[in-house]
Amino acid sequence: MCDKHHFEFEIDVAIRTQVIQKLDASPLHPLQEDVAPPVSGIYALYRRNTFVYGGKAMDKTTLRRRLNEHYRKIAGRRNVDVGEMSCGWLEIESPWFVRAAEDAIITHKEG
């Protein structure tokens, strides 16, 4: 029997492709307080335009809150100038898609 007709939909690949394309196309902003809106989604931190961290904000946490936390933490460090940092984000409403999108950026950017 011919086995060349089998198809398995790879939803993780589809999500990863779309998330990375949208995140890469979104503008970067200097990391500063209240830079992002108080909504759920995913974010990426960059130092000198190089990806360093990706995370999510959902449920009781918002993009604004998470990026404010990162700003304060980095601003208190001696070996990193917060002025070297920028951030990007995607606003995503569905908790399921927030989790999937976070996995996509971590898998792609850190892998």
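Observations on the model:
- Looking only at the range 26-55, and only at residues there that are out of contact with any strand residue (DSSP E or B) (no Cβ under 8 Å at 6 or more places or on another chain) and not polar (S, T, N, Q), the one that is most open to solvent (accessible area, probe 1.4 Å): 48
- Scanning the range 1-25 for residues that are surrounded by 13 or more Cβ atoms within 10 Å (Cβ to Cβ) and either closer than 18 Å to residue 62 by Cα or among the small types (Gly, Ala, Ser) (or both) yields one hit, 23.
- In the range 68-85, residue surrounded by the most Cβ atoms within 10 Å (Cβ to Cβ) [restricted to those that are touching a residue at least 24 places away in the same chain (Cβ under 8 Å) and aliphatic (A, V, I, L, M)]: 85
- When restricted to residues that are open to solvent by less than 90 Å² (accessible area, probe 1.4 Å) and either over 11 Å from residue 44 (Cβ atoms) or part of a helix (DSSP H, G or I) (or both), the range 86-107 contains 12.
The values are calculated or read from the model by the stated rules, or taken from the named source; none is laboratory data. Note that the coordinates shown come from a computational prediction; the quantities given were computed from them, not determined experimentally. As a convention, Cβ positions derive from the backbone with ideal geometry for all residues, glycine included, and neighbour counts pool all protein chains shown. Calculation scope for accessible area: heavy atoms of the full protein, side chains included, ligands and nucleic acids excluded. Shrake-Rupley method; radii C 1.70, N 1.55, O 1.52, S 1.80 Å.
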